[in-house]
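One structure below.
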Amino acid sequence: MMETTDSNRNLLSVEEIDTYIGQFHILEGVSVDVAKGSITVLLGRNGAGKTTTLKTIMGLTPPRNGRVIFDGQEIQGKQAFKIANFGIGYVPENRAVFRALTVMENLKLAERKKGDLDRHADFIFELFPDLERLSKLKGNHLSGGQQQMLAVARALVPDNKLLLIDEPSEGLAPILIQQMMEAIRKLRETTTILLVEQNFIMASQLAERYVIIDDGKSVHRGLMSDLVQNQDLIHQYLGASIQAPISTSEVQ
Amino acid sequence: MSHNSKKLLYSVIGFLVVAGVVFGLYTYAGQEAFIRTTLSGLTLGSLFFLVAAGLTLIFGLMDVLNFAHGSMFMIGAYTGWQFYTNPTFIFGVLPLVLAFATTVMLIPVIKPRLVRLDLSEAWQKRLPILTYIAALLVAVLALVKFDILGLAKTAMVAVTTTSSNPLAELSPQEPLLRFLLRLLLLMLSGAFIAVGLSKPGNRTEVSAPEPLKKRLILPVVLFVLTIIFTLVRESASEGVLLMNGNLRFALAIIAATLFGFLLGALIEITMIRPLYVRSFFIVLMTLGMSFVMRELVQVLWDPLAYQMVRPPLFAQPGRATTIAEWLMNGSSTISIAGVTFPTYRLFVILLGVVMFVFVTLLMNRSRLGMIIRAGVQDPQMVEALGINVKRVFTLVFALGVALASLGGIGAAPFLPVQPMMGDQYQMQGFITVVIGGMGSYVGAFVGAMILGMARAFGDYFALKLQLSPTIAEASTVIIMIIVLILRPQGLFGKKD
Ligand SMILES: Nc1ncnc2c1ncn2[C@@H]1O[C@H](COP(=O)(O)OP(=O)(O)OP(=O)(O)O)[C@@H](O)[C@H]1O
Ligand SMILES: [Mg+2]
């Protein structure tokens, strides 16, 4: 809780949000801070409420209580498209690329100003060279990995200050996970990222900070380097399915 | 790969079936009857398409079944017919509507101030209700003794007595002073509405406003239009009636389409938008609205059927042998491969094809089309990209209604203009959408043409074999059933 006072360094502060879906109380007082220029990861079991937290920030499932402060402005309760236009890019967990649109059209659609894509095309295609090759293909002809690349690339078309990325490694082959990790690492140089990632190895290598969500509450937060040492905490909240983190050298 | 070869196989089978049916009909009916019936089918198909295109776009993007679509077709026909035969009614009512809209559109200007008012929560709820009541009372006061029925009847007279002097039917409008008073009252009424809609005291609605200049553009434009149209109330009708008939018809088409667009936008914003969360109510609401529109039209123009006069380009007796000759003489019929066919119906076919091309370009070449194609799949994600999806919904609904309205005025010169004229087209429109596949405009076009042909050839066989003419109507349903059995998602529908 110490960090919340240090608000000028936080690009995003989520303060005690309550989110309901229908009558279900999904998030109960979740708080998350994301420092400018950093990667923060949301950890937690399946169904803990990580995706809902991102959607609440994005305005897709608006919170009933609590505040979301982005870049010094309260954004909770605003319509999603307005929130996006403040400079937030969203990469959803289901790789919602548009199947009826070509790769190029998917990217074009994400423009907020004319010329957004032209300005960032070189950068995007350097990160994901496949996309340039596939640019005329429709979304429904892409493989899972290609769709994931496109979903991330789409968030890079406009000038976003913050990216919300939901499980970018889900269902990807190991080589592609590596490529995705490299891409996200490069993105950090220019933007701030709030990541949801079940792959603990990937999460621990990318993020500086973590927040653990459990059963709709944010129960723990701190430096990733501390969490890696804390096997008990990992077991308690992230389950036995996650193996102990392997050192960086072993992965690469 | 097997998916693609399956697709190819279906296309080949489809092509063979179509070719077989066409060849069979051709040899059976003979060239003359075949061409005539085909052209009739295309005419009907064009109208079906104009209705079905809107239905399928609206359903595809918003999951809304618009049961008022046929009424909007009918409204388009009435608007165009009024404009063409005697626009006294239109020009008499237009300034009133504009005056009201002027002040309602002040919302973006006054809202930033009003939301900052210090009001208790009880008053935040009470005040809008009070303003709406006030608005209603003032509006009633504004329209006291306004002879709207008299205005409406002017065009009916014009129909019954087709005199050589079109101006003979023009009746004078109200004295200017009394009319100005009505305008002022309506502006006041609109202002009350604007205050209510601004949610005074509701601070959560605060958002960074655009510059004042930008927010003032629309109200100022509307105000200027109000003044202009007030001053030309009488002379505008005269001017329109003295115009070249073809030009007047072109303007009537534009007027009907534009009115359909605005009506559609208004209906979407005020009545459909609050109901997206309960889509079943939308069905009931649009159904109810279709009854209201029909009754309204009956009150204004009586439950009669009118025949709109065909524009001069299609009205001169005589048969043209070439298109150039038709355009020169304005012949009412033209000879196509030895078959005499009404030129106006060729125009309707052209209208349908042009609109199909327009919709195709819109969907594939424009940003709006891109948004629609994406929104059909996942409107939430489109919104998360920073696109105002609500506004896109409004636009698509308005566009759909505009197409139906265009179909209505297109049909007016050869169908009787009457309150029920849209019902049959709505039914056929829905069947077209089912055959073509929900949400597919290509499907709507192909489906419309198939249905048009089925109707035309059904009529032909009914006549030739002395069967009951209902066989033509039944044929469309039979086609729908066959398609549903073979391809439940429709010819061009995506599996879901
Ligand atoms: N539309 C909905 N209706 C009802 N409950 C929902 C809905 N969406 C999500 N939930 C519930 O909310 C809880 C949190 O879901 P959420 O998707 O945020 O979890 P998550 O942490 O992202 O899980 P995962 O790791 O599986 O992606 C879950 O228990 C889920 O069942
Ligand atoms: Mg999730």
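What is chain A's relative contact order, in percent, from Cα pairs under 8 angstrom and six or more apart in sequence?
Relative contact order, chain A: 25 percent.
Between 0 and 90 degrees, rounded to the nearest ten: what's the tilt of helix B:389-411 against the longest Cα principal axis of chain B?
Taking the Cα atoms of chain B, the angle to B:389-411 is about 60 degrees.
On a straight-distance basis, which lysines could pair with A:LYS113 in a cross-link, Cα separation under 20 angstrom, same-chain partners fewer than 8 positions away excluded?
Cα-Cα hits under 20 Å: A:LYS82, A:LYS161, B:LYS214, B:LYS390.
In region A:64-221, what percentage of the DSSP-assigned beta bridges are antiparallel, given to the nearest 5?
About 45 percent, rounded to the nearest 5.
List the relative contact order of region A:95-158 as a percent without decimals, with contacts defined as Cα pairs under 8 Å and 6+ residues apart.
Worked out over region A:95-158, it gives 56 percent.
At 1.4 Å probe size, with the rest of the protein present, what percent of the exposed accessible area of region A:136-193 is carbon and sulfur atoms?
56 percent
In percent, how large is the relative contact order of chain B, given Cα pairs closer than 8 Å and 6 or more residues apart?
It comes to 31 percent, rounded to a whole number.
Among A:ALA153, A:ASN106, A:ILE124, flag the residue with its Cα farthest along the positive direction of the charge dipole of region A:95-158, charges on Cβ as +1 for Lys/Arg and -1 for Asp/Glu.
Checking the options against the dipole of region A:95-158, the answer is A:ASN106.
If you roll a 1.4 Å probe over the heavy atoms of the protein chains, what accessible area per residue do you get for region A:95-158, in Å²?
44 Å²
Taking only DSSP H segments of four or more residues, each worth -39500 (n - 2.57), what value at 222 nm results for chain B once the sum is divided by all its residues, to the nearest 500 deg cm²/dmol?
Rounded to the nearest 500, the figure is -24500 deg cm²/dmol.
For region A:95-158, what class follows from the C-alpha gyration tensor (a ≥ b ≥ c being the square roots of its eigenvalues): rounded when a/c is under 1.5, otherwise prolate if a/b is larger than b/c, else oblate?
Prolate is the answer for region A:95-158, as a/c is 1.5 or above and a/b outweighs b/c.
Accessible area drop of at least 50 Å² (1.4 Å probe, protein heavy atoms): which residues of region B:370-414 qualify, relative to the chain alone?
B:MET370, B:ARG373, B:GLN377, B:GLN380, B:MET381, B:GLU383, B:ALA384, B:LEU385, B:GLY386
Quick one: what are the phi-derived ³J(HN,Hα) couplings along region A:9-20, Karplus 6.51/-1.76/1.60 with θ = phi - 60°, whole Hz, x for glycine and proline?
Result, rounded to whole Hz: 8, 8, 6, 10, 10, 9, 10, 6, 7, 10, 10, 10.
Could you pull out every residue, at least 5 positions away or on a different chain, whose amide H is within less than 5 Å of the one on A:TYR90? Hs are placed 1.01 Å off N in the peptide plane, and Pro or chain starts have none.
Under 5 Å from the amide H of A:TYR90: A:LEU164.
In whole Å, how far is the Cα centre of region A:50-124 from that of region A:154-200?
14 Å
With a 1.4 Å probe on protein heavy atoms only, work out how much accessible surface A and B bury together, total over both chains, in Å² to the nearest 100.
Summed over both sides, the interface buries about 1900 Å².
For an R0 of 45 angstrom, estimate the FRET efficiency from the Cβ-Cβ distance between B:VAL12 and B:LEU368 and round to the nearest 0.05.
The computed FRET efficiency comes out at 0.80.
Looking at the protein assembly as shown only, what percent of DSSP beta bridges run antiparallel? Nearest 5 please.
Expressed as a percentage, antiparallel bridges in the protein assembly as shown total about 60.
Taking H placed 1.01 Å from N in the peptide plane, check which residues at least 5 places from A:GLY44 or on another chain put their amide H under 5 Å from its amide H.
Long-range HN contacts for A:GLY44: A:ILE213.
Amide H of A:ILE26 versus every other amide H placed in the peptide plane: which residues, excluding those fewer than 5 positions away on the same chain, fall under 5 Å?
Those lying under 5 Å, H to H, from A:ILE26 are A:THR19, A:TYR20, A:ILE21.
For peptide A:111-121, how many partner chain Cβ atoms fall within 10 Å of a residue's Cβ, on average?
The shielding value for this peptide is 1.
Looking at region A:30-69, which residues lose a minimum of 40 Å² of accessible area between their chain alone and all protein chains in place, measuring with a 1.4 Å probe and not counting ligands or nucleic acids?
For region A:30-69, once contacts with the other chains are taken into account, A:LEU60 lose 40 Å² or more.
Subtracting the Cα-Cα distance from 0.36 nm times the residue separation, let me have the gained length for A:LYS186 to A:ASN94 in nm, one decimal.
Here the segment from A:LYS186 to A:ASN94 would lengthen by 30.8 nm.
Taking the radius of gyration and the Kirkwood hydrodynamic radius from Cα positions alone, what is the Rg/Rh ratio for chain B, to two decimal places?
Taking Rg over the Kirkwood Rh, I get 1.01.
Restricting attention to region B:236-305, which trypsin sites (Lys or Arg not before Pro) occupy a DSSP loop and are surrounded by at most 12 other Cβ atoms within 10 Å?
B:ARG278
How large is ³J(HN,Hα) for each residue in region B:229-238, as worked out from phi by the Karplus curve 6.51 cos²θ - 1.76 cosθ + 1.60 (θ = phi - 60°), to whole Hz, x for Gly and Pro?
Values per residue, Gly and Pro as x: 6, 5, 5, 9, 3, 8, 5, 5, 4, 4 Hz.
The values are calculated or read from the model by the stated rules, or taken from the named source; none is laboratory data. Note that this is a predicted model, so its numbers are computed, not measured. Virtual Cβ from ideal backbone geometry, glycine too; neighbours counted across all protein chains shown. What goes into the accessible areas is simple: the full protein's heavy atoms, side chains included, and nothing from ligands, DNA or RNA. Shrake-Rupley method; radii C 1.70, N 1.55, O 1.52, S 1.80 Å.
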